[in-house]
Amino acid sequence: MPATLAEVTRFAPSPTGLMHLGHAYAAMVAEDLARKTGGRLLLRIDDIDFARCRAEFETMIYEDLAWLGIAWETPVRRQSECLIGYNDALDKLRGMGLTYPCFCTRKEILQEAARAPAAPHGMEGSLYPGTCHTVSLDERNARMNAGDAYALRLDLAAASHRSSKRIWFTELGAGPQGECGGIDVKPSLMGDIVLARGGAQGLSAWAYHLAVVVDDAAQGISCVTRGRDLFYATHVQRLLQVLLGFPAPRYLHHGLVVDAAGKRLAKRHDAVSLRQLRLQGMTVQQVRDLAHQSVC
Ligand code: GLU
């Protein structure tokens, strides 16, 4: 019998609101895997969305986790302190000719998708229709030099061409349709994702998919545990890992905590924030049990 692998896993909340039962459950899944395998639980603060992240929510994350009795290693990785790594990864993809600037506004993308019913669709709705893929190099350069706002997108066609090998991942949990085991990736489910945003002042924001793959590699994560809502993101994240030469973690996508009406919890569900439950007098064990019972 092979020895159980000591998994290095992580809990990666974004400090954009109060933590709720869903976060407690995600943290418990990661904690459980680390404990069962004699591994490690790392904490990461996904604070790359500068407009939405707030210091007080980060403080509450530490307080809530400590109250739940979840221990994590220090130093904690904070995305806002790792921008150089995201830039390096982006430069690498750019150097390989796998990105292109997109000048479309959100409104234009929605209008284009509505106009062309045959526009590409992923598992989560319409995908970027590729409008700027065909913009000439001269026009791209002119618009970037003029300081137009742009998103740097992954050129999926070029990227897939470059890595023609089979890419797959191991799912230890289950996807939204029960997907498990060895799963072949279909990055087209996500389309030409945004990797970063820029404008007259150069790059100003790095996107979730890029940051996550850089972080998971930098932290030596052997098993990513996270909610099933991110299952399809794994398809394109695996492609990025291959392109960037990063190792492949295993994945354990878990069920999501829902409210009494069966709806997934959001940060605005303050009534079930961990802070609120604590103030109502619930014990740690009661909150842990409630999180387990509320998973769908
Ligand atoms: N920060 C993300 C979230 O709060 C999780 C990122 C991940 O697990 O890949 O949903």
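The values are calculated or read from the model by the stated rules, or taken from the named source; none is laboratory data. None of these values were measured; they are calculated from a predicted model. Here the Cβ positions follow ideal geometry from the backbone for every residue, glycine too, while neighbour counts run over all protein chains shown.
Could you please let me know if L83 is surrounded by 14 or more Cβ atoms within 10 Å (Cβ to Cβ) and either away from the ligand (no atom under 15 Å from the Cβ) or farther than 27 Å from L172 by Cβ (or both)? Spell out the reasoning first.
Details: surrounded by 14 or more Cβ atoms within 10 Å (Cβ to Cβ): yes; either away from the ligand (no atom under 15 Å from the Cβ) or farther than 27 Å from L172 by Cβ (or both): yes.
The answer is yes for L83.
Does C53 qualify as being surrounded by 13 or more Cβ atoms within 10 Å (Cβ to Cβ), in contact (Cβ under 8 Å) with a residue 60 or more places away in the chain and within 23 Å of the chain's Cα centre (by Cα)?
Against the criterion (surrounded by 13 or more Cβ atoms within 10 Å (Cβ to Cβ), in contact (Cβ under 8 Å) with a residue 60 or more places away in the chain and within 23 Å of the chain's Cα centre (by Cα)), C53 does not qualify.
Testing A151 on (1) at pLDDT below 95; (2) under 19 Å from the mean Cα position of the chain (by Cα), one condition comes back false. Which one is that?
For A151, the exception is condition (1).
For I221, only one of the following conditions fails: (1) within 14 Å of the ligand (Cβ to nearest atom); (2) not hydroxyl-bearing (S, T, Y); (3) not in a loop (DSSP other than H, G, I, E, B). What is its number?
(3)
I'm trying to understand the selection: among the residues of region 254-296, which are modelled with pLDDT under 90 and assigned to a loop (DSSP other than H, G, I, E, B)?
Listed by number, the residues that qualify are D259, A260, A261, G262, K263, L265, A266, K267, R268, H269.
Run down A24, A12 and say which single residue is within 20 Å of V257 (Cβ to Cβ), surrounded by 15 or more Cβ atoms within 10 Å (Cβ to Cβ), among the small types (G, A, S) and out of contact with any Asp or Glu (no Cβ under 7 Å at 6 or more places or on another chain).
Values: A12 fails: out of contact with any Asp or Glu (no Cβ under 7 Å at 6 or more places or on another chain).
Among A24, A12, only A24 is within 20 Å of V257 (Cβ to Cβ), surrounded by 15 or more Cβ atoms within 10 Å (Cβ to Cβ), among the small types (G, A, S) and out of contact with any Asp or Glu (no Cβ under 7 Å at 6 or more places or on another chain).
Looking at G182, G173, can you tell me which residue is assigned to a strand (DSSP E or B) and either within 16 Å of the ligand (Cβ to nearest atom) or not acidic (D, E) (or both)?
On the way: G173 fails: assigned to a strand (DSSP E or B).
Criteria check complete, one pass: G182.
Give all pairs with beta carbons closer than 7 Å in which a residue from region 208-223 that is farther than 11 Å from Q79 by Cα meets a residue that is near the ligand (Cβ under 9 Å from one of its atoms) and among the small types (G, A, S); count only pairs at least 6 apart in sequence or on separate chains.
H209/A233
Determine whether L239 is in a helix (DSSP H, G or I), away from the ligand (no atom under 12 Å from the Cβ), modelled with pLDDT of 95 or more and in contact with a Pro (Cβ under 7 Å, 6 or more places away or on another chain).
Values: in a helix (DSSP H, G or I): yes; away from the ligand (no atom under 12 Å from the Cβ): yes; modelled with pLDDT of 95 or more: yes; in contact with a Pro (Cβ under 7 Å, 6 or more places away or on another chain): yes.
Spelling it out, L239 is indeed in a helix (DSSP H, G or I), away from the ligand (no atom under 12 Å from the Cβ), modelled with pLDDT of 95 or more and in contact with a Pro (Cβ under 7 Å, 6 or more places away or on another chain).
So which residues in region 220-252 are surrounded by 19 or more Cβ atoms within 10 Å (Cβ to Cβ), of a type outside the set (K, R) and within 15 Å of E7 (Cα to Cα)?
Answer for region 220-252, where residues must be surrounded by 19 or more Cβ atoms within 10 Å (Cβ to Cβ), of a type outside the set (K, R) and within 15 Å of E7 (Cα to Cα): I221, S222, C223, V224, T225, P249, Y251, L252.
Considering only region 15-60, state which residues are within 13 Å of the ligand (Cβ to nearest atom), in contact with a strand residue (DSSP E or B) (Cβ under 7 Å, 6 or more places away or on another chain) and assigned to a helix (DSSP H, G or I).
G22, Y25, A26, A27, V29, A30, E58
Go through R197, R162, R228 for me and flag whichever is among the basic types (K, R), in contact (Cβ under 8 Å) with a residue 40 or more places away in the chain and touching a Pro at 6+ places or on another chain (Cβ under 8 Å).
Being among the basic types (K, R), in contact (Cβ under 8 Å) with a residue 40 or more places away in the chain and touching a Pro at 6+ places or on another chain (Cβ under 8 Å) holds for just one of R197, R162, R228, which is R228.
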